[in-house]
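First comes the structure, then the notes that go with it.
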Amino acid sequence: MAFTAMAVTPAFAETNEEDPGLVMNFYKETCPQAEDIIREQVKLLYKRHKNTAFSWLRNIFHDCAVESCDASLLLDSTRRELSEKETDRSFGMRNFRYIEDIKEAVERECPGVVSCADILVLSAREGIVSLGGPYIPLKTGRRDGRKSRAEVLEQYLPDHNESMSVVLDRFASIGIDTPGVVALLGAHSVGRTHCVKLVQRLYPEVDPALNPDHVEHMLKKCPDPIPDPKAVQYVRNDRGTPMKLDNNYYRNILDNKGLMTVDHQLAIDERTKAYVKKMAKSEDYWAKEFSRAITILSENNPLTGTKGEIRRQCNMANKQHYKD
């Protein structure tokens, strides 16, 4: 049987609309179980590998902030194109193979219907819940891109030691305002930071802005001025509630316990400081702003309608013409 991505009946066919864009419950007719399957898979993976939830949260940022929320992040390198996964900005990202597990589970129920871009976004939503964060209703209907965006990635993703002006500008370009940026950085409440990303605050001299009580722990975890990127040398982002996505991050950075330069800048910059203090006091306020920012991020310039494709496997674009 011949198969192309376009052979799939789109979820909006009966409405005679060419492209409804993103909508709630996009798959309600074509794959009503899709969101439940993704939720169950994320839960199963979290039971076996707790760090998968951090990966899903990081994925939505690294994919959706770079031009389009189209799962370009998940594409492997080809002879012609470098994968986004292999760039410096993607250092430390992992668990991509488990996205394929989720995709396979969805494919068993509804072959060729649900995009990897929607799986990436919905797995992030469920990962946030696994970590104790808010449940965020998100639209679906994204389609998958065919090209890596590795060449332009650094124009969109701020690095850990960028100035606060650069960080705010990059996010503003996709419609996320200052409180939204402050809330998104609260994702640094979970997971851990590789010593590569923070040694410039410890060597050759310790950054005097760091809380002395925290420095001892950081030096113990990062004993080398030039750490081996492949070595398992990490510091937990939040020693108090390391597995919980909460507002403890803001209390830490106000106490000068932020690990990366961007964390410290967030707490002292005049444009962000008031929001940091407000989020340190109110988890509800943080959750509201975080949910709003994730929603904007998830809707950044998606491919919808007949643009892009529905990938068969998330790590590679479909061949233009198949024979089964």
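The values are calculated or read from the model by the stated rules, or taken from the named source; none is laboratory data. All figures in this text were calculated on a predicted structure; none of them were measured in a lab. Glycine also receives a Cβ, built like all others from the backbone with ideal geometry; neighbour counts cover every protein chain displayed. The area values use the complete protein model at the heavy-atom level, side chains included, leaving out ligands, DNA and RNA. Shrake-Rupley method; radii C 1.70, N 1.55, O 1.52, S 1.80 Å.
What to note about this one:
- Entry remark, the stretch 131-165: residues being of a type outside the set (Asp, Glu), open to solvent by 40 Å² or more (accessible area, probe 1.4 Å) and outside any loop (DSSP other than H, G, I, E, B) number 3 in total.
- The residue of the stretch 236-295 that is farthest from the chain's Cα centre (by Cα), among those that are among the polar types (S, T, N, Q) and assigned to a loop (DSSP other than H, G, I, E, B), is ASN256.
- Of note, MET243 satisfies the criterion of being open to solvent by 60 Å² or more (accessible area, probe 1.4 Å), among the aliphatic types (A, V, I, L, M) and in contact (Cβ under 8 Å) with a residue 12 or more places away in the chain.
- If you go through the stretch 19-53 and pick out every residue that is open to solvent by 40 Å² or more (accessible area, probe 1.4 Å) and touching a Gly at 6+ places or on another chain (Cβ under 6 Å), you end up with 2.
- Total residues in the stretch 140-187, condition modelled with pLDDT of 95 or more and aromatic (Phe, Trp, Tyr): 1
- The stretch 153-167 residues that are closer than 19 Å to ASN300 by Cα and touching a residue at least 60 places away in the same chain (Cβ under 8 Å), paired with ones that are among the basic types (Lys, Arg) and surrounded by 13 or more Cβ atoms within 10 Å (Cβ to Cβ) (beta carbon under 6 Å, 6 or more apart): LEU153/ARG89; LEU157/ARG89; PRO158/ARG170
Here is a yes/no grid of residues against (1) open to solvent by less than 10 Å² (accessible area, probe 1.4 Å); (2) over 24 Å from the mean Cα position of the chain (by Cα); (3) within 20 Å of PHE91 (Cα to Cα):
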| position | (1), (2), (3) |
| --- | --- |
| LEU185 | no, no, yes |
| HIS214 | no, yes, no |
| CYS222 | yes, yes, yes |
| PRO225 | no, yes, yes |
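- The listed residues are GLU205, GLU109, and the only one of them that is touching a Cys at 6+ places or on another chain (Cβ under 8 Å), of a type outside the set (Val, Ile, Thr) and surrounded by fewer than 24 Cβ atoms within 10 Å (Cβ to Cβ) turns out to be GLU109.
- For SER130, the criteria (1) farther than 26 Å from LYS47 by Cα; (2) within 15 Å of the chain's Cα centre (by Cα) hold in every case but one, which is (1).
- Residue check, ASP88 open to solvent by 50 Å² or more (accessible area, probe 1.4 Å) and at pLDDT below 95: yes
- Boolean, GLU81 is farther than 18 Å from LYS47 by Cβ, open to solvent by 10 Å² or more (accessible area, probe 1.4 Å) and outside any loop (DSSP other than H, G, I, E, B): no
- Test: GLN320 is modelled with pLDDT under 95, out of contact with any strand residue (DSSP E or B) (no Cβ under 8 Å at 6 or more places or on another chain), farther than 22 Å from THR193 by Cα and open to solvent by 60 Å² or more (accessible area, probe 1.4 Å): yes
- Looking across GLU283, GLU309, one residue alone is touching a strand residue (DSSP E or B) at 6+ places or on another chain (Cβ under 7 Å) and charged (D, E, K, R). It is GLU309.
- Boolean, ARG125 is charged (D, E, K, R), more than 24 Å from THR306 (Cα to Cα) and either open to solvent by less than 10 Å² (accessible area, probe 1.4 Å) or touching a His at 6+ places or on another chain (Cβ under 6 Å) (or both): yes
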